[in-house]
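One structure below.
The values are calculated or read from the model by the stated rules, or taken from the named source; none is laboratory data. No experiment lies behind these values; they were computed from the predicted model shown. Quick note on the areas: whole protein, heavy atoms, side chains included, nothing else; ligands and nucleic acids left out. Shrake-Rupley method; radii C 1.70, N 1.55, O 1.52, S 1.80 Å.
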Amino acid sequence: MNTPDHDPEGLRPHSYDGIQEYDKRLPNWWLFTLYGAIIFSIGYWAYFHWTGHIQDGWVRVQGQIDALKLAAAGNSAAPEGRKLWEMSREPEVVAAGEKTFMSTCAACHGADLKGGIGQNLSDASWVHGGTPSEIYTTITQGVLDKGMPSWGPLLGAQRISELVAFVISKNPTIAEPSE
Ligand code: HEC
């Protein structure tokens, strides 16, 4: 048997059931893999947590679900007041709005917009604001405790924009927004 302590090959002193082991330097390729993995993990950790470029799978899925919900509810960004005003000068848009108004809104607001169960929409007095954007918001959200349904989920952004265009076209007191 070798004298383990002074073995030039580095045989270690212990022996288990007669099995001994060398104490050899780990090969470089192995060390490179180990240290490389450690360095990569630090870099990856910092990149992941500090830059936010890599999104968690669940966060991505949640983002897509939210986007779909928004699209389904028709709550995509409300058009600018100015855009709604311009739509009110386009006869096809106004005609589309009128059609929806007669089938959906006239029962409460009157075919002439002069009101009934709901407010007069053809004069200068407004409870929830009379700018195109405010009217858009009121129609989208409704005034549930006063009996005005929330139309956003039912009609969507496009048809509500047409409705606002129609109301503007019928109400000479609504001022043209500067932006
Ligand atoms: C079931 C009846 C009903 C229907 C249908 C209805 N509304 Fe209303 N609406 C109301 C009531 C009631 C109010 C008043 C809410 C309040 O007093 O705060 C109102 C308020 C409004 C206002 C705010 C008026 C203001 O003075 O600020 C707008 C704009 C409006 N409705 C538009 C519409 C449009 C457009 C539709 C069709 C998509 C519609 N409404 C359908 C009942 C209705």
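The table below gives the values:
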read-out	value
Helix-derived mean residue ellipticity, 222 nm - over the chain, DSSP H n ≥ 4, -39500 (n - 2.57), to 500	-15000 deg cm²/dmol
Long-range amide H partners of LEU11 with built H, under 5 Å	ASP23
The chain, accessible surface, carbon-and-sulfur percent (1.4 angstrom probe)	59 percent
Choice from TYR35, TYR136, TYR16 with maximal GNM fluctuation in the chain (Cα, 10 Å cutoff)	TYR16
GNM result for the chain, Cα springs below 10 Å: residue of ILE54, ILE39, ILE65 fluctuating most strongly	ILE39
Between helix 152-170 and the chain: long-axis angle, C-alpha atoms, 0 to 90°, nearest 10	40 degrees
Pairs of lysine residues in the chain - Cα separation under 24 Å, sequence separation of 8 or more or cross-chain	7
For the stretch 18-33 versus the stretch 83-109, the gap between their alpha-carbon centres in whole angstrom	81 Å
Choice from LEU70, LEU31, LEU11 showing the highest fluctuation, given a GNM over the chain with Cα pairs closer than 10 Å	LEU11
Degrees, to the nearest 10: 28-46 long Cα axis against longest axis of the chain	20 degrees
